[in-house]
Structures are given as C-alpha cells and as structure tokens.
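Enquirer: Mind having a look at this structure? Questions to follow.
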Amino acid sequence: MDLSVKEREASTANRRVLADIEPREVMFFFEELSSRHRCSRHEKDAADYVADFAAARGLEHHRDELQNIIVKKPGTSGYEASPTVILHGHLDMVCKTDEGVIHDFTKGVRLKLDGDRIRAEGTTLGADNGLGIAYMLALLDSSDIAHPPLECVMTAMEEMGKVGGDGVDLALLSGKRMIDFNWIEEKQLLAGCSGDVSCRIDIDADWTAPAQGLLAYRIEIGGLLGGHCEFDIHFERANAIVALGRLLRRAMQTAPVEIARVSGGVQNNVIPAEAAALIRLHPDQADAVLAAIETLAADLRAEFKRADPDMRITVARSDAAPERVFSARAAARLVQVMLLLPDGVQTQNLEVPGNWETSNNIGLMVTTHEGVEITSTITSAVTSRKHAVLDQLMLIAEMAGEGVRAKQIGLDAPEFPWNPQSRMLAIAKDSYARVMGRQPDVLVSVCSLELGMFTQRIPGLDTIGIGTNLFDLHSPKESMDHASAARVWPLIKDVMRALRD
Ligand SMILES: [Zn+2]
C-alpha cells in the first residue's frame, strides 16, 4: 500500500521523538526521513517520500532511475527574478550497527534524545545527510521564508562513491550559485574540498583442498573505534584489516597456516573496526602459533593504547570445516598485499596548516568465489598526489605477481577548488556575522564531497557549504547537536533572504 504524504505524516506523528526540538519545521522532516530506508542503493523509499511531498505541494520535480531527485520552487515575492540557487544534500546514509545489534534498516532508524544530542538506537543516525535534506524540505515547504528560485538536488548513493552525483542530470539545473548542506561543523563555511578515488585489489585464492588433520581457528579483531576515512583518518586509529594482516604474517612465520577466508570492514570509506580470519593449523604447531599471535596481539594493544583503547583480539577453535583453502602461494600473496598497502595519512597539507592532504583508507576486505577483494579509498586536495597513491596500489599488485590485479573502481572525483573571489562566500560570511554574532572560519576541507562534481561540470558555479555540528559520522555513535541545528536554521534563512541579487 502506498501511503499519501498526509497519511505517512500522521503515522509518524504518533511516535514523534523530536516534536519539541527546535527548529521544529526541520526536525519534523528529519524524523520523517529517519523512518525510511536510506541505506545507499536503497533510497527508493526516501525518494518516494520526497516525490510525494513535491507532488502534494505542486512543486516541479524530476527523478531518475538512480533515485536522485530534484525539486524546484520559484522565488518568493520580490525574489522572482533573483539568481537561482542550487541546494544540495544526499538522500542516502551509511547503515552500520553496534556490535551485536541486529537492526532492520528498511524501517529507518530509531531516534533517541540524549541531552543536546540526537542519536539512533544501536545504529548510525543518518544526520549525514538526512539533516541536509530536512533543511531543503523545510525551505520547500515554507510559505514565510523569503528565498530566490530554488533547485534542490538530493542525490543517491553518495556514500558509495558519489554514484548519484555523477549521474544526476545537471542540464535540469539553471543555477550558477550553490549551497551544499553536507557539512558537519557549524563554525565553518566550506569553501573548498578534496577529491577521491577508490581502488580494488583482487587476489586469486587459487583454491586447494584442505590438508587432513588440521584444526580450524577463528581470529577476530574488534572493539576498534573505526570512523570516517576522511574526518577521522588523522587519529591514527587501528585499521582492523591491517592488524589482521600482521597477525596472519606472524602466524605464518611461526608455522604453516592454511587460510580459508578473511574479512574486514563494512564499506570502503569507513575505517574498518572489525576483521576476522578462519585459519587451519597442525595440532602439533597450534600452541606455538597461538602464542605468537598472542604476543603480537599484546604489542598491538600497546601500540594503540591511546588511539584505540578497547581493541580486542581473540583466537578460538572453530567448528567450521572449510571445503577449500587458499593455496600456500595465494595465502602468502594475500598477506603481502595486506601489509604493503599504504594506510592512513600520507602527506600533510602545507597550504592549510594542520590539515592532512592525502590519505588512503583500506576499508573493505571480502572473500569471494575467486579469492579476496580489498578496496581502499584515496582522498586528496591535489589530484596528482591522489593519482600517485593510486599508482602505488597498482604497482603493489603488479609486484605481487600472477593472480593479483588492481583497478580503479567508481569515479575519480575531483576536488572543489578554493575560490577567494567567491561572491557566495562573501554573502554567507555577512549573514553568518549577522546571525551568529561572530566571523565564521572559512574552511578548505580534507574530505571529498560531491561539490567537486558540480563545480567541475557547471561552468562558473559559485558554491559554498554550510554545516551543522554532527559527530562520529559513519559509526553507530553518530550524533547530531540539535542546538546547533537551531542556530544554523536562522543562518540558512538569512542567507536565503540575502541572495536577492
Ligand atoms: Zn557521509
């Protein structure tokens, strides 16, 4: 059954957690979006909601097969002929649960209030970027906010490589000014950002039959903080895939080890907080291998006692009886690759003191029919440096030899270059000083956003980003400071009013 917007609003209204939270008109839509399936690649439910919303208000809207949706609204009285402004946010969210939590994301997330914070029960919150969409919906819904003609672009699959932003039909847009809401710091106006590219390395398993008489063991790494591959990469947290590589290497230096499967991480742009391997050991050698692993595990816990104090490494007997295992050569290549891949911050940004410029996150490792796929994402403010790291990954695969291949996957997303002459920035800075009573920090960010894809493809586009305080993105700890949203919403309205000409 397809509920009308009104019916859906009524059904949600029965359990509204944010009913008394300011800005109410924004929180209403955030809560609506939060009760819909928004995991990347599953935006249909949320896009349906936005399409119903637009239709119910007689707003022009365009939706494509990727589930990108554009909603347009004319300028208000006195702003009919003002320059059109593109607004942008992404519909999808990273769906991640706390360890041990089973959650059905098809019904959205369960919001809870925690003082000034909004969180979700045991899962990511999706304020990244549901809040950006909620701001847009509140503007589109409003009848008392002065604003120029709006073109609201809500993209799908941003969190899995900006697929929506790359595919959205920019010919539908006429604006040469743009505001992006996919930012997470209230004190900053975003005036530039990095680009990124992802790479997948395939390692053939060269499957063989398991040897007779070996015992299976499962190595598990957990309890890590993980986090976002851009915002959190400089914290030097443990990467569970890299740590697993070290444990496997140590085990294989001690005695022959059969590897049946390995896994780690949840998504290429999330720092992996968990990893596991199923290995097989000769009964006579098992004690020595387990002791070697335990020694290294103690070293790892010591190395990361500050950055990742809750690291857990366990090795336990397993009942699993794998039908096949990696050939010895394939297992050796796998561990080689796991350990040679660059991980974390690669270069500092000397133009913006305190910023890191180029980083790589080994984000995801899965065992498939053919072998192992390791996916990593390189982020950089400088395209040539990004390409240099990509080349390094290609060369590691080349050196590993037969059965190992690397290739770029997804888009090569460009950076959004800093433009000191930006009129949008000047207007937004004035508004910020007026509303917040202080000057904003102007930020050229380390993270890769969809902005570069717009600035590169719309000639002369003048763009900025406005943020709200969000924390621990892409992790089940994600939270939104709603008091910040209550300060930012008047800023957004003031910027709208200031964009008359
Ligand atoms: Zn995100």
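Enquirer: Can you say whether Gly363 is of a type outside the set (Ser, Thr, Tyr) and touching a Cys at 6+ places or on another chain (Cβ under 9 Å), as far as the supplied structure shows?
Expert: yes
Enquirer: Here's something else I'd like to know. Of all residues in the stretch 401-414 being out of contact with any Cys (no Cβ under 9 Å at 6 or more places or on another chain) and modelled with pLDDT of 95 or more, which is surrounded by the most Cβ atoms within 10 Å (Cβ to Cβ)?
Expert: It comes out as Val404.
Enquirer: Looking only at the stretch 442-470, which residues are within 16 Å of the ligand (Cβ to nearest atom) and either of a type in the set (Ser, Thr, Tyr) or free of Cβ contacts under 8 Å to residues at least 24 places away in the same chain (or both)?
Expert: Answer for the stretch 442-470, where residues must be within 16 Å of the ligand (Cβ to nearest atom) and either of a type in the set (Ser, Thr, Tyr) or free of Cβ contacts under 8 Å to residues at least 24 places away in the same chain (or both): Ser445, Ser448, Thr468.
Enquirer: Also, quick follow-up: Exactly one condition in (1) within 16 Å of the ligand (Cβ to nearest atom); (2) closer than 20 Å to Asp48 by Cβ is not met by Leu140; state its number.
Expert: Looking at each condition in turn, Leu140 falls short on (1).
Enquirer: Continuing with the same structure: Is it the case, given these coordinates, that Arg200 is under 22 Å from the mean Cα position of the chain (by Cα) and outside any loop (DSSP other than H, G, I, E, B)?
Expert: yes
Enquirer: Pick out, from the stretch 64-118, the strands (runs of 3 or more DSSP E) lying fully within it that include 2 or more residues that are within 17 Å of Ala47 (Cα to Cα), more than 16 Å from the ligand (Cβ to nearest atom) and of a type outside the set (Ser, Thr, Tyr).
Expert: In the stretch 64-118, the matching strands (runs of 3 or more DSSP E) lie at 69-73.
Enquirer: Is there a residue being part of a helix (DSSP H, G or I) and β-branched (Val, Ile, Thr) anywhere in the stretch 345-355?
Expert: No; the residues of the stretch 345-355 include none that is part of a helix (DSSP H, G or I) and β-branched (Val, Ile, Thr).
Enquirer: Let me ask something else about it. Kindly indicate the residue of the stretch 219-262 that is within 16 Å of the ligand (Cβ to nearest atom) and buried (at least 23 other Cβ atoms within 10 Å of the Cβ) and also modelled with the highest pLDDT among those meeting that condition.
Expert: This residue is Gly226.
Enquirer: When the residues of the stretch 358-390 are filtered to those that are at pLDDT below 95 and among the aliphatic types (A, V, I, L, M), which remaining residue is surrounded by the most Cβ atoms within 10 Å (Cβ to Cβ)?
Expert: Ala381
Enquirer: Using the structure shown, decide if Met160 is aliphatic (A, V, I, L, M), farther than 21 Å from Glu357 by Cβ, at pLDDT below 95 and within 16 Å of the ligand (Cβ to nearest atom).
Expert: Answer is yes for this residue.
Enquirer: Related question: Any idea which residue in the stretch 171-192 is farthest from the ligand (Cβ to nearest atom), counting only those that are among the hydrophobic types (A, V, I, L, M, F, W, C) and surrounded by fewer than 22 Cβ atoms within 10 Å (Cβ to Cβ)?
Expert: Ala171
Conditions (1) part of a helix (DSSP H, G or I); (2) in contact (Cβ under 8 Å) with a residue 24 or more places away in the chain, marked per residue:
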residue: Tyr135; (1), (2): yes, yes
residue: Leu140; (1), (2): yes, yes
residue: Ile145; (1), (2): no, yes
residue: Asp166; (1), (2): yes, yes
residue: Ala171; (1), (2): yes, no
residue: Ile179; (1), (2): no, yes
residue: Glu186; (1), (2): no, yes
residue: Leu190; (1), (2): no, yes
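Enquirer: Now for a different question. Do we have Ala127 as within 18 Å of the chain's Cα centre (by Cα), within 16 Å of the ligand (Cβ to nearest atom), within 17 Å of Leu473 (Cβ to Cβ) and buried (at least 24 other Cβ atoms within 10 Å of the Cβ) here?
Expert: yes
Enquirer: Let me ask something else. For Ser431, which of the numbered conditions (1) in contact with a Ser or Thr (Cβ under 8 Å, 6 or more places away or on another chain); (2) of a type in the set (S, T, N, Q); (3) buried (at least 19 other Cβ atoms within 10 Å of the Cβ) fails to hold?
Expert: In the conditions (1) in contact with a Ser or Thr (Cβ under 8 Å, 6 or more places away or on another chain); (2) of a type in the set (S, T, N, Q); (3) buried (at least 19 other Cβ atoms within 10 Å of the Cβ), Ser431 misses (1) alone.
The values are calculated or read from the model by the stated rules, or taken from the named source; none is laboratory data. Small disclaimer: the values here were computed from a predicted structure and weren't measured. Please note: Cβ atoms are built from the backbone with ideal geometry, for glycine as well, and neighbour counts cover all protein chains shown.
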